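> Below: one structure in C-alpha coordinates.
The values are calculated or read from the model by the stated rules, or taken from the named source; none is laboratory data. Worth saying up front: this structure is predicted, and the values here are computed from it rather than measured. All Cβ positions, glycine included, derive from the backbone under ideal geometry; neighbour counts span all protein chains shown. Calculation scope for accessible area: heavy atoms of the full protein, side chains included, ligands and nucleic acids excluded. Shrake-Rupley method; radii C 1.70, N 1.55, O 1.52, S 1.80 Å.
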Amino acid sequence: MLNKVNANINFNNRVLRGLVIVPTRELVEQVSKSFADYGKFLKVKHTKVMGGTSRTKQSEVLAGGVDIIVATPGRLLDLEKDLIVDLSSVNFIVLDEADTMLEMGFIEEIEKIFSLCSPYRQIIMCSATVSQNIRKLAKEFLKEPVTVQIHDRRDKVELINHRAFKIDVKKKKELVTTLIKESKYEQILLFVNKKDAADAAFAHFKEQGVKVAAIHGGVEYKTRVQAIKDFKAKKVKVLIATDIAGRGLDIKGLPLVVNYTLPESTDDFTHRVGRTGRAGNKGEVITILTVEDYNSFTKIERNLKLNVKREVYEQFPLKDRQPRQKIQTKKKLSERKGKKVPSTEPQRGGAKSKKTTKRDTNRNFRRK
(Lines give C-alpha, C1' and ligand atoms only; values in the text may rest on other atoms or scores of the structure.)
Protein backbone atom coordinates (compact mmCIF):
# COMPACT_ATOMS: atom_id res chain seq x y z
CA MET A 1 0.00 0.00 0.00
CA LEU A 2 2.83 2.40 0.89
CA ASN A 3 4.58 1.72 -2.43
CA LYS A 4 1.42 2.19 -4.52
CA VAL A 5 0.31 5.36 -2.72
CA ASN A 6 3.81 6.86 -2.68
CA ALA A 7 4.14 6.47 -6.46
CA ASN A 8 1.11 8.69 -7.10
CA ILE A 9 1.14 11.42 -4.44
CA ASN A 10 -0.11 14.87 -5.40
CA PHE A 11 1.55 17.11 -2.82
CA ASN A 12 -0.66 20.09 -3.71
CA ASN A 13 -3.89 18.13 -3.28
CA ARG A 14 -3.60 14.93 -1.25
CA VAL A 15 -6.40 12.48 -1.96
CA LEU A 16 -7.32 9.63 0.40
CA ARG A 17 -6.25 6.41 -1.32
CA GLY A 18 -5.68 3.75 1.33
CA LEU A 19 -7.87 2.45 4.16
CA VAL A 20 -7.16 -0.17 6.84
CA ILE A 21 -10.16 -1.25 8.94
CA VAL A 22 -9.50 -3.00 12.28
CA PRO A 23 -11.76 -4.13 15.17
CA THR A 24 -10.06 -2.49 18.17
CA ARG A 25 -8.31 0.73 19.12
CA GLU A 26 -5.23 -1.26 20.17
CA LEU A 27 -4.92 -2.54 16.61
CA VAL A 28 -5.33 0.99 15.22
CA GLU A 29 -2.29 1.99 17.28
CA GLN A 30 -0.33 -1.10 16.25
CA VAL A 31 -1.01 -0.79 12.51
CA SER A 32 -0.43 2.98 12.60
CA LYS A 33 2.98 2.41 14.18
CA SER A 34 3.82 -0.04 11.38
CA PHE A 35 2.96 2.60 8.77
CA ALA A 36 5.21 5.08 10.59
CA ASP A 37 8.09 2.57 10.75
CA TYR A 38 7.87 1.25 7.18
CA GLY A 39 7.10 4.65 5.65
CA LYS A 40 9.78 6.51 7.58
CA PHE A 41 11.61 7.68 4.44
CA LEU A 42 8.49 8.22 2.30
CA LYS A 43 6.27 11.28 1.96
CA VAL A 44 3.07 9.31 2.65
CA LYS A 45 0.79 10.82 5.32
CA HIS A 46 -1.45 8.57 7.39
CA THR A 47 -3.72 9.16 10.39
CA LYS A 48 -5.71 7.25 13.02
CA VAL A 49 -9.50 7.37 13.21
CA MET A 50 -11.06 5.73 16.27
CA GLY A 51 -13.41 6.31 19.18
CA GLY A 52 -12.23 7.38 22.62
CA THR A 53 -10.00 10.10 21.17
CA SER A 54 -10.55 13.74 20.18
CA ARG A 55 -12.93 13.98 17.23
CA THR A 56 -11.90 17.62 16.69
CA LYS A 57 -8.21 16.75 16.30
CA GLN A 58 -9.04 13.94 13.87
CA SER A 59 -11.16 16.35 11.80
CA GLU A 60 -8.32 18.90 11.67
CA VAL A 61 -5.79 16.30 10.45
CA LEU A 62 -8.21 15.01 7.80
CA ALA A 63 -8.90 18.58 6.58
CA GLY A 64 -5.16 19.01 5.97
CA GLY A 65 -5.16 16.05 3.57
CA VAL A 66 -4.00 12.46 4.19
CA ASP A 67 -3.13 9.49 1.96
CA ILE A 68 -4.03 6.57 4.26
CA ILE A 69 -6.42 6.08 7.19
CA VAL A 70 -6.26 3.35 9.85
CA ALA A 71 -9.70 3.16 11.46
CA THR A 72 -12.30 1.38 13.53
CA PRO A 73 -15.64 1.18 11.65
CA GLY A 74 -17.85 3.20 14.04
CA ARG A 75 -15.85 6.44 14.18
CA LEU A 76 -15.05 6.26 10.45
CA LEU A 77 -18.74 6.09 9.50
CA ASP A 78 -19.56 8.93 11.94
CA LEU A 79 -17.02 11.21 10.26
CA GLU A 80 -18.23 10.17 6.78
CA LYS A 81 -21.83 10.89 7.76
CA ASP A 82 -20.83 14.41 8.85
CA LEU A 83 -18.94 14.91 5.55
CA ILE A 84 -15.59 15.21 7.37
CA VAL A 85 -14.07 12.33 5.42
CA ASP A 86 -14.72 11.32 1.80
CA LEU A 87 -14.09 7.64 0.97
CA SER A 88 -14.99 7.80 -2.73
CA SER A 89 -11.32 7.97 -3.82
CA VAL A 90 -10.17 4.98 -1.71
CA ASN A 91 -8.92 2.25 -4.05
CA PHE A 92 -6.88 0.14 -1.64
CA ILE A 93 -8.76 -1.42 1.31
CA VAL A 94 -7.48 -3.82 3.97
CA LEU A 95 -9.83 -5.58 6.37
CA ASP A 96 -7.57 -6.76 9.21
CA GLU A 97 -8.60 -9.46 11.72
CA ALA A 98 -11.56 -10.03 9.41
CA ASP A 99 -12.94 -12.98 11.39
CA THR A 100 -13.05 -10.95 14.58
CA MET A 101 -14.73 -8.03 12.82
CA LEU A 102 -17.54 -10.27 11.62
CA GLU A 103 -17.88 -12.08 14.97
CA MET A 104 -18.27 -8.68 16.66
CA GLY A 105 -21.20 -7.90 14.36
CA PHE A 106 -19.53 -5.32 12.10
CA ILE A 107 -20.85 -6.88 8.88
CA GLU A 108 -23.28 -4.03 8.07
CA GLU A 109 -20.67 -1.35 8.78
CA ILE A 110 -18.12 -3.12 6.57
CA GLU A 111 -20.58 -3.47 3.71
CA LYS A 112 -21.45 0.22 4.05
CA ILE A 113 -17.77 1.27 4.02
CA PHE A 114 -17.05 -0.89 0.96
CA SER A 115 -20.00 0.67 -0.90
CA LEU A 116 -18.68 4.20 -0.15
CA CYS A 117 -15.22 3.48 -1.59
CA SER A 118 -14.19 3.64 -5.24
CA PRO A 119 -15.61 0.81 -7.40
CA TYR A 120 -12.10 0.48 -8.86
CA ARG A 121 -10.38 -0.89 -5.77
CA GLN A 122 -8.34 -3.75 -4.43
CA ILE A 123 -9.60 -5.39 -1.23
CA ILE A 124 -7.47 -7.54 1.06
CA MET A 125 -8.95 -9.52 3.96
CA CYS A 126 -6.43 -10.71 6.57
CA SER A 127 -7.05 -13.21 9.34
CA ALA A 128 -5.33 -16.09 11.13
CA THR A 129 -8.52 -18.08 10.55
CA VAL A 130 -10.94 -17.97 7.63
CA SER A 131 -14.60 -18.56 8.46
CA GLN A 132 -17.68 -19.03 6.28
CA ASN A 133 -18.57 -15.38 6.99
CA ILE A 134 -15.33 -14.21 5.38
CA ARG A 135 -15.96 -16.42 2.35
CA LYS A 136 -19.48 -15.01 2.07
CA LEU A 137 -18.18 -11.43 2.25
CA ALA A 138 -15.47 -12.25 -0.29
CA LYS A 139 -18.05 -13.70 -2.68
CA GLU A 140 -20.13 -10.52 -2.40
CA PHE A 141 -17.36 -7.93 -2.87
CA LEU A 142 -14.31 -9.58 -4.45
CA LYS A 143 -13.78 -10.23 -8.15
CA GLU A 144 -11.90 -13.45 -8.95
CA PRO A 145 -10.26 -13.50 -5.49
CA VAL A 146 -6.94 -15.21 -4.82
CA THR A 147 -6.20 -16.91 -1.49
CA VAL A 148 -2.71 -16.40 -0.08
CA GLN A 149 -2.03 -18.82 2.78
CA ILE A 150 1.15 -18.12 4.75
CA HIS A 151 0.83 -21.07 7.14
CA ASP A 152 -1.59 -23.88 7.78
CA ARG A 153 -3.09 -23.22 11.23
CA ARG A 154 -3.66 -26.95 11.60
CA ASP A 155 0.04 -27.68 11.40
CA LYS A 156 1.75 -28.01 14.75
CA VAL A 157 4.05 -25.07 15.39
CA GLU A 158 7.31 -26.66 16.55
CA LEU A 159 8.45 -23.45 18.25
CA ILE A 160 5.60 -23.69 20.79
CA ASN A 161 5.73 -26.13 23.70
CA HIS A 162 2.25 -27.11 24.92
CA ARG A 163 1.47 -28.23 28.47
CA ALA A 164 -1.87 -28.98 30.17
CA PHE A 165 -2.57 -29.25 33.90
CA LYS A 166 -5.60 -31.03 35.34
CA ILE A 167 -6.93 -29.41 38.50
CA ASP A 168 -9.98 -29.43 40.80
CA VAL A 169 -12.35 -26.53 40.20
CA LYS A 170 -11.87 -25.04 43.69
CA LYS A 171 -8.07 -25.26 43.46
CA LYS A 172 -7.71 -23.60 40.05
CA LYS A 173 -6.71 -20.13 41.32
CA GLU A 174 -4.18 -21.60 43.74
CA LEU A 175 -2.53 -23.71 41.02
CA VAL A 176 -2.23 -20.81 38.56
CA THR A 177 -0.87 -18.53 41.32
CA THR A 178 1.77 -21.16 42.12
CA LEU A 179 2.71 -21.56 38.45
CA ILE A 180 3.04 -17.77 38.06
CA LYS A 181 5.15 -17.31 41.17
CA GLU A 182 7.45 -20.21 40.28
CA SER A 183 7.78 -19.14 36.64
CA LYS A 184 11.13 -17.79 35.47
CA TYR A 185 9.34 -15.67 32.84
CA GLU A 186 8.94 -11.90 33.28
CA GLN A 187 5.90 -11.71 30.97
CA ILE A 188 2.85 -13.98 31.11
CA LEU A 189 -0.27 -13.34 29.01
CA LEU A 190 -3.26 -14.96 30.70
CA PHE A 191 -6.53 -15.45 28.80
CA VAL A 192 -10.07 -15.68 30.20
CA ASN A 193 -13.42 -15.83 28.40
CA LYS A 194 -15.40 -13.04 30.07
CA LYS A 195 -14.96 -9.55 31.53
CA ASP A 196 -16.10 -10.52 35.04
CA ALA A 197 -13.69 -13.47 35.02
CA ALA A 198 -10.87 -11.05 34.10
CA ASP A 199 -11.81 -8.73 36.97
CA ALA A 200 -12.01 -11.64 39.43
CA ALA A 201 -8.63 -13.01 38.33
CA PHE A 202 -7.09 -9.52 38.53
CA ALA A 203 -8.34 -9.04 42.11
CA HIS A 204 -7.07 -12.47 43.18
CA PHE A 205 -3.56 -12.19 41.72
CA LYS A 206 -3.15 -8.64 43.02
CA GLU A 207 -4.09 -9.86 46.49
CA GLN A 208 -1.43 -12.58 46.13
CA GLY A 209 1.26 -9.97 45.46
CA VAL A 210 1.54 -10.56 41.71
CA LYS A 211 2.19 -7.50 39.51
CA VAL A 212 -0.86 -7.73 37.28
CA ALA A 213 -2.98 -5.69 34.85
CA ALA A 214 -6.19 -6.49 32.94
CA ILE A 215 -7.60 -5.44 29.58
CA HIS A 216 -11.13 -6.00 28.26
CA GLY A 217 -13.97 -4.04 26.67
CA GLY A 218 -15.10 -2.66 30.02
CA VAL A 219 -11.73 -1.07 30.80
CA GLU A 220 -11.18 2.54 29.66
CA TYR A 221 -9.05 2.88 26.54
CA LYS A 222 -6.33 4.96 28.23
CA THR A 223 -6.06 2.38 31.00
CA ARG A 224 -5.76 -0.44 28.44
CA VAL A 225 -3.00 1.41 26.58
CA GLN A 226 -1.09 1.99 29.81
CA ALA A 227 -1.50 -1.67 30.84
CA ILE A 228 -0.01 -2.86 27.55
CA LYS A 229 2.86 -0.36 27.83
CA ASP A 230 3.64 -1.54 31.38
CA PHE A 231 3.51 -5.17 30.25
CA LYS A 232 5.87 -4.52 27.34
CA ALA A 233 8.23 -2.66 29.68
CA LYS A 234 8.07 -5.64 32.11
CA LYS A 235 6.70 -3.47 34.89
CA VAL A 236 3.78 -5.91 35.01
CA LYS A 237 4.39 -9.68 35.09
CA VAL A 238 0.88 -10.88 34.21
CA LEU A 239 -1.50 -9.30 31.68
CA ILE A 240 -5.04 -10.70 31.85
CA ALA A 241 -7.02 -10.40 28.61
CA THR A 242 -10.31 -11.49 27.08
CA ASP A 243 -10.23 -12.87 23.53
CA ILE A 244 -11.45 -9.63 21.90
CA ALA A 245 -9.08 -7.36 23.83
CA GLY A 246 -6.18 -9.74 23.31
CA ARG A 247 -6.69 -10.18 19.57
CA GLY A 248 -3.88 -8.61 17.62
CA LEU A 249 -1.63 -8.05 20.66
CA ASP A 250 1.96 -8.09 19.48
CA ILE A 251 4.36 -8.49 22.42
CA LYS A 252 7.90 -8.99 21.16
CA GLY A 253 9.36 -12.30 22.35
CA LEU A 254 6.38 -13.14 24.59
CA PRO A 255 7.47 -16.36 26.34
CA LEU A 256 4.27 -17.73 27.89
CA VAL A 257 0.52 -17.81 27.25
CA VAL A 258 -1.79 -19.30 29.89
CA ASN A 259 -5.31 -20.45 29.06
CA TYR A 260 -6.82 -19.80 32.48
CA THR A 261 -10.21 -20.70 31.02
CA LEU A 262 -10.51 -22.80 27.89
CA PRO A 263 -11.62 -20.80 24.82
CA GLU A 264 -14.98 -21.50 23.23
CA SER A 265 -13.60 -22.52 19.83
CA THR A 266 -10.53 -23.88 18.08
CA ASP A 267 -10.14 -20.57 16.24
CA ASP A 268 -9.98 -18.66 19.53
CA PHE A 269 -7.38 -21.14 20.79
CA THR A 270 -5.36 -20.53 17.61
CA HIS A 271 -5.44 -16.75 18.09
CA ARG A 272 -4.42 -17.04 21.74
CA VAL A 273 -1.56 -19.42 21.03
CA GLY A 274 -0.43 -17.13 18.19
CA ARG A 275 0.64 -14.45 20.69
CA THR A 276 3.76 -16.53 21.47
CA GLY A 277 6.22 -18.40 19.23
CA ARG A 278 6.27 -15.42 16.84
CA ALA A 279 9.00 -14.31 14.43
CA GLY A 280 11.16 -17.37 15.07
CA ASN A 281 11.09 -17.07 18.88
CA LYS A 282 10.25 -20.06 21.04
CA GLY A 283 7.18 -19.96 23.25
CA GLU A 284 5.19 -21.95 25.77
CA VAL A 285 1.46 -22.44 26.25
CA ILE A 286 -0.10 -23.77 29.46
CA THR A 287 -3.76 -24.79 29.42
CA ILE A 288 -5.61 -25.27 32.72
CA LEU A 289 -8.22 -28.04 32.65
CA THR A 290 -11.00 -28.87 35.06
CA VAL A 291 -13.25 -31.93 34.55
CA GLU A 292 -15.75 -30.08 32.33
CA ASP A 293 -12.94 -29.00 29.96
CA TYR A 294 -11.64 -32.46 29.03
CA ASN A 295 -13.89 -33.16 26.04
CA SER A 296 -13.59 -29.63 24.60
CA PHE A 297 -9.81 -29.70 24.84
CA THR A 298 -9.71 -33.11 23.13
CA LYS A 299 -11.67 -31.61 20.19
CA ILE A 300 -9.23 -28.69 19.97
CA GLU A 301 -6.31 -31.13 19.98
CA ARG A 302 -7.92 -33.17 17.22
CA ASN A 303 -8.58 -30.08 15.08
CA LEU A 304 -5.03 -28.77 15.49
CA LYS A 305 -3.32 -32.16 15.34
CA LEU A 306 -1.93 -31.72 18.84
CA ASN A 307 -1.28 -34.36 21.48
CA VAL A 308 -0.75 -32.62 24.82
CA LYS A 309 0.13 -34.66 27.88
CA ARG A 310 -2.18 -34.03 30.87
CA GLU A 311 -0.13 -33.30 33.97
CA VAL A 312 -1.12 -33.19 37.63
CA TYR A 313 0.88 -30.79 39.80
CA GLU A 314 2.35 -32.64 42.78
CA GLN A 315 1.04 -30.14 45.36
CA PHE A 316 -2.51 -30.35 43.95
CA PRO A 317 -3.68 -34.00 43.81
CA LEU A 318 -7.06 -34.45 42.13
CA LYS A 319 -10.10 -34.94 44.37
CA ASP A 320 -12.91 -34.05 41.95
CA ARG A 321 -14.57 -37.12 40.46
CA GLN A 322 -12.80 -38.01 37.23
CA PRO A 323 -14.50 -39.54 34.17
CA ARG A 324 -13.92 -43.24 33.65
CA GLN A 325 -11.31 -43.99 31.04
CA LYS A 326 -12.34 -46.25 28.19
CA ILE A 327 -9.92 -49.11 27.61
CA GLN A 328 -8.90 -48.95 23.98
CA THR A 329 -8.78 -52.37 22.29
CA LYS A 330 -7.43 -52.83 18.83
CA LYS A 331 -10.18 -53.95 16.46
CA LYS A 332 -9.77 -55.96 13.30
CA LEU A 333 -10.27 -54.10 10.02
CA SER A 334 -13.51 -56.02 9.30
CA GLU A 335 -14.91 -54.98 12.71
CA ARG A 336 -13.99 -51.32 12.16
CA LYS A 337 -15.92 -51.43 8.87
CA GLY A 338 -18.97 -52.85 10.67
CA LYS A 339 -18.80 -56.37 9.19
CA LYS A 340 -19.72 -59.42 11.27
CA VAL A 341 -16.83 -61.73 11.98
CA PRO A 342 -17.78 -65.45 11.98
CA SER A 343 -17.08 -67.06 15.33
CA THR A 344 -14.31 -69.66 15.46
CA GLU A 345 -15.56 -71.08 18.79
CA PRO A 346 -17.44 -74.41 18.76
CA GLN A 347 -21.20 -73.87 18.92
CA ARG A 348 -23.09 -74.76 22.05
CA GLY A 349 -26.02 -77.17 21.93
CA GLY A 350 -25.82 -80.52 20.21
CA ALA A 351 -29.06 -80.33 18.24
CA LYS A 352 -28.10 -77.03 16.62
CA SER A 353 -24.71 -78.39 15.64
CA LYS A 354 -26.30 -81.50 14.05
CA LYS A 355 -28.74 -79.40 12.05
CA THR A 356 -25.94 -77.24 10.68
CA THR A 357 -23.90 -80.29 9.73
CA LYS A 358 -26.86 -81.87 7.89
CA ARG A 359 -27.48 -78.66 5.90
CA ASP A 360 -23.81 -78.55 4.94
CA THR A 361 -24.00 -82.20 3.83
CA ASN A 362 -27.08 -81.60 1.62
CA ARG A 363 -25.38 -78.54 0.06
CA ASN A 364 -22.29 -80.57 -0.77
CA PHE A 365 -24.46 -83.39 -2.26
CA ARG A 366 -26.30 -80.93 -4.57
CA ARG A 367 -22.95 -79.52 -5.74
CA LYS A 368 -21.83 -83.04 -6.71
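> Do you know which residues across the stretch 79-97 are part of a helix (DSSP H, G or I) and either closer than 19 Å to Glu29 by Cβ or out of contact with any helix residue (DSSP H, G or I) (no Cβ under 8 Å at 6 or more places or on another chain) (or both)?
Within the stretch 79-97, the first condition is being part of a helix (DSSP H, G or I), and the residues that meet it are 79-81.
The answer is Leu79, Lys81.
> Filter the stretch 276-288 down to residues that are under 22 Å from Lys173 (Cβ atoms) and either open to solvent by 20 Å² or more (accessible area, probe 1.4 Å) or within 12 Å of the chain's Cα centre (by Cα) (or both), then give me how many there are. Outline the logic, then answer.
Filtering the stretch 276-288 for residues under 22 Å from Lys173 (Cβ atoms) gives 284-288.
Now restrict to residues that are either open to solvent by 20 Å² or more (accessible area, probe 1.4 Å) or within 12 Å of the chain's Cα centre (by Cα) (or both): 284.
Of the residues in the stretch 276-288, 1 are under 22 Å from Lys173 (Cβ atoms) and either open to solvent by 20 Å² or more (accessible area, probe 1.4 Å) or within 12 Å of the chain's Cα centre (by Cα) (or both).
> Can you pull out every residue in the stretch 289-307 that is open to solvent by less than 10 Å² (accessible area, probe 1.4 Å) and in a loop (DSSP other than H, G, I, E, B)? Before the answer, list the steps.
Step one: of the stretch 289-307, the residues open to solvent by less than 10 Å² (accessible area, probe 1.4 Å) are 289-290, 297, 300.
Answer for the stretch 289-307, where residues must be open to solvent by less than 10 Å² (accessible area, probe 1.4 Å) and in a loop (DSSP other than H, G, I, E, B): just Thr290.
> What number of residues within the stretch 16-52 are in contact (Cβ under 8 Å) with a residue 24 or more places away in the chain, over 19 Å from Ser127 (Cβ atoms) and in a loop (DSSP other than H, G, I, E, B)?
The total comes to 10.
> Still on this structure, I have one more. If we keep just the residues of the stretch 62-116 that are free of Cβ contacts under 8 Å to residues at least 40 places away in the same chain and touching a Gly at 6+ places or on another chain (Cβ under 9 Å), which is most open to solvent (accessible area, probe 1.4 Å)?
Asp78
> Further, regarding this structure: Only one of (1) surrounded by fewer than 19 Cβ atoms within 10 Å (Cβ to Cβ); (2) polar (S, T, N, Q); (3) in contact with a helix residue (DSSP H, G or I) (Cβ under 8 Å, 6 or more places away or on another chain); (4) within 30 Å of Lys282 (Cβ to Cβ) fails for Thr147. Which number is that?
Here Thr147 meets the rest and fails (3).
> Any residue in the stretch 215-228 that is within 24 Å of Glu174 (Cβ to Cβ) and either open to solvent by 20 Å² or more (accessible area, probe 1.4 Å) or assigned to a loop (DSSP other than H, G, I, E, B) (or both)?
Among the residues of the stretch 215-228, at least one is within 24 Å of Glu174 (Cβ to Cβ) and either open to solvent by 20 Å² or more (accessible area, probe 1.4 Å) or assigned to a loop (DSSP other than H, G, I, E, B) (or both), which makes the answer yes.
> Quick check on this structure: which one of Ile124, Ile180 is among the hydrophobic types (A, V, I, L, M, F, W, C), closer than 20 Å to Glu284 by Cα and either open to solvent by 50 Å² or more (accessible area, probe 1.4 Å) or assigned to a helix (DSSP H, G or I) (or both)? Outline the logic, then answer.
Numbers: Ile124 fails: closer than 20 Å to Glu284 by Cα.
Selected residue: Ile180, the only one of Ile124, Ile180 that is among the hydrophobic types (A, V, I, L, M, F, W, C), closer than 20 Å to Glu284 by Cα and either open to solvent by 50 Å² or more (accessible area, probe 1.4 Å) or assigned to a helix (DSSP H, G or I) (or both).
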